[in-house]
Ligand SMILES: Cc1cc2nc3c(=O)[nH]c(=O)nc-3n(C[C@H](O)[C@H](O)[C@H](O)COP(=O)(O)O)c2cc1C
């Protein structure tokens with residue numbers, strides 16, 4: 001028996017308009033005062049239940065990779081070009097997974113957003129859309145693809161809420177995704193990507209994909225770095241569970257976090273939405289077989305399919321057990337075909353150039369360099385360190401720049417994807433292209449990004465798009481949708497400033513700068529230009545990078561406890 005099973009949340013929700021502003025007063029103040037992502041992290045830590053904040057913030061084992069991801073950026077210098085004659089506003093727009101977007105970054109998929117704040121996935125999706133960014137939903141989301149899509153449709157229906165970059169005077173380009181005839185028109189608004197973990201029960205996977213497609217998700221990512229669940233020791237120590245258990249320890253901490261606790265107790269209990277999606281699909285199948293059936297029970301349909309647990313707690317262990325560690329390249333190829341021509345498919349969790357090449361051979365349209373934010377295999381390399389080698393595996397920076405130039409020129413003239421594919425084959429023969437469409441393979445990146453300069457470094461080192469995990473979750477934890485929007489604002493401003501100071505006026509310019517990105521320890525070297533022309537170079541880390549010590553302790557070091 002829990003307060004939720006007794007319906008306490010329904011009673012408390014009546015008091016929410018009066019109580020919420022009071023219990024959130026401090027959190028709002030902290031969020032308003034935050035000037036960077038590290039400050040937002042502090043605000044999140046002060047608002048959220050410890051168990052929840054630690055789940056967000058933690059890495060695996062000794063958190064070495066967690067720290068590495070972030071520290072590696074500090075070891076890269078930006079060698080700026082002066083008097084570049086750039087006029088603000090700078091153009092941060094680009095194209096990611098077939099979507100025209102206003103900013104080169106996007107929220108990476110993350111599990112269980114409603115545990116951080118009741119705005120959950122819908123709040124993140126709305127904040128992303130208002131910034132003209134692509135949104136990604138995790139299979140382990142606490143909101144279904146259908147409900148996310150509805151939240152965005154409702155937002156769009158409220159009238160043309162002008163995206164941040166439009167307000168700044170930048171006009172958006174229109175997306176063309178005709179290589180994927182079934183793609184939804186969502187690509188013009190930033191687009192929606194659905195992320196999948198692979199489960200043993202294929203019918204469950206199919207049901208999830210079907211709802212994502214029906215809800216206008218126009219791209220897919222298969223995450224492959226979580227075949228075994230990473231060892232997050234903070235979670236073990238805290239007794240982390242979804243939904244929370246009513247232990248004395250948890251309750252004692254809940255009392256010290258009234259804003260989070262009020263939200264939790266006055267809203268419906270959160271749980272992973274995937275099983276509800278599967279249950280709905282089974283019910284629909286059963287009804288289509290027997291239209292007179294008005295029962296809403298699903299158990300009768302479970303004879304041939306694996307039974308779905310109905311109570312929240314057993315659902316969570318069901319999901320954990322459902323991961324399929326034996327998933328292979330053949331299965332990955334099966335999945336690409338299941339998604340079909342709805343849009344591009346990315347392989348998420350790659351750090352080896354060889355795996356990137358195999359992904360291309362197996363039909364993926366995009367490769368996503370990621371180590372799950374340092375939450376999985378401890379001592380995996382920092383993602384920014386391996387990004388250049390994966391770019392090289394996809395044909396190198398020279399071919400990449402030539403391919404994107406060719407694609408831009410064709411699209412400017414109104415050419416379709418087939419024309420882009422022909423132009424790329426002609427002008428950039430070394431560029432790795434999708435077996436399915438002939439379009440250039442996209443390279444997505446995430447891990448450790450917390451500053452605009454980090455985003456710029458990833459772009460110069462070969463990324464087509466840069467994902468953020470923890471940063472926007474800190475925002476969500478600290479203040480719901482407004483907190484996420486604040487993080488996007490901070491990073492947008494920081495990225496524009498970094499572009500301006502570096503002397504590059506657009507994402508395209510940053511990409512072209514990759515031609516100069518060679519350095520003495522192997523960061524892209526295909527152009528052979530003078531070393532002293534490079535925009536980025538690596539240096540040894542130094543304690544001098546964190547002179548006040550406080551920045552390190554506040555989190556700039558990442559996960560330092
Ligand atoms: C709390 C949390 C939950 C996550 N859940 C998922 C998930 O469900 N699926 C997935 O592919 N990646 C998941 N990730 C990994 C992110 O997509 C992303 O790769 C990572 O967070 C990027 O690193 P960063 O947090 O340093 O930005 C999660 C990350 C965090 C922090």
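Among the residues making up the range 426-460, those that are more than 16 Å from the ligand (Cβ to nearest atom) and part of a loop (DSSP other than H, G, I, E, B) are 428, 429, 430, 431, 432, 434, 435, 436, 437, 438, 439, 441. Going by the structure shown, is residue 333 within 16 Å of the ligand (Cβ to nearest atom) and surrounded by fewer than 20 Cβ atoms within 10 Å (Cβ to Cβ)? Answer is no for this residue.
Please tell me if residue 147 is at pLDDT 90 or above and farther than 14 Å from residue 212 by Cα. Considered against the rule, which asks whether it is at pLDDT 90 or above and farther than 14 Å from residue 212 by Cα, residue 147 comes out as no.
A quick yes/no check of all residues on (1) touching a strand residue (DSSP E or B) at 6+ places or on another chain (Cβ under 7 Å); (2) in contact (Cβ under 8 Å) with a residue 24 or more places away in the chain; (3) farther than 26 Å from residue 24 by Cβ:
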{"residue": "77", "(1), (2), (3)": "yes, yes, yes"}
{"residue": "86", "(1), (2), (3)": "no, yes, yes"}
{"residue": "94", "(1), (2), (3)": "yes, yes, yes"}
{"residue": "109", "(1), (2), (3)": "yes, yes, yes"}
{"residue": "119", "(1), (2), (3)": "no, yes, no"}
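Taken over the range 381-390, the criterion of being away from the ligand (no atom under 16 Å from the Cβ) and touching a helix residue (DSSP H, G or I) at 6+ places or on another chain (Cβ under 6 Å) is satisfied by 389 alone. Selection of helices (runs of 4 or more DSSP H) fully inside the range 1-106 by the criterion of at least 3 residues being more than 16 Å from the ligand (Cβ to nearest atom) and either at pLDDT 95 or above or surrounded by fewer than 17 Cβ atoms within 10 Å (Cβ to Cβ) (or both) returns 8-23, 25-33, 37-47.
Test each condition in (1) within 16 Å of the ligand (Cβ to nearest atom); (2) more than 25 Å from residue 51 (Cα to Cα) for residue 286 and report the one that comes out false. Every condition holds for residue 286 apart from (1). Scanning the range 430-486 for residues that are under 16 Å from residue 349 (Cα atoms) and surrounded by fewer than 24 Cβ atoms within 10 Å (Cβ to Cβ) yields 442, 469. Among the residues of the range 339-352, those identified as touching a residue at least 40 places away in the same chain (Cβ under 8 Å) and crowded, with 17+ Cβ neighbours inside 10 Å are 339, 342, 343, 344, 345, 346, 347, 348, 349, 350.
The values are calculated or read from the model by the stated rules, or taken from the named source; none is laboratory data. It should be emphasised that the depicted structure is a prediction, and the values quoted were computed from it without experimental measurement. Cβ coordinates were reconstructed from backbone atoms using ideal geometry, including for glycine residues, and neighbour counts include every protein chain displayed.
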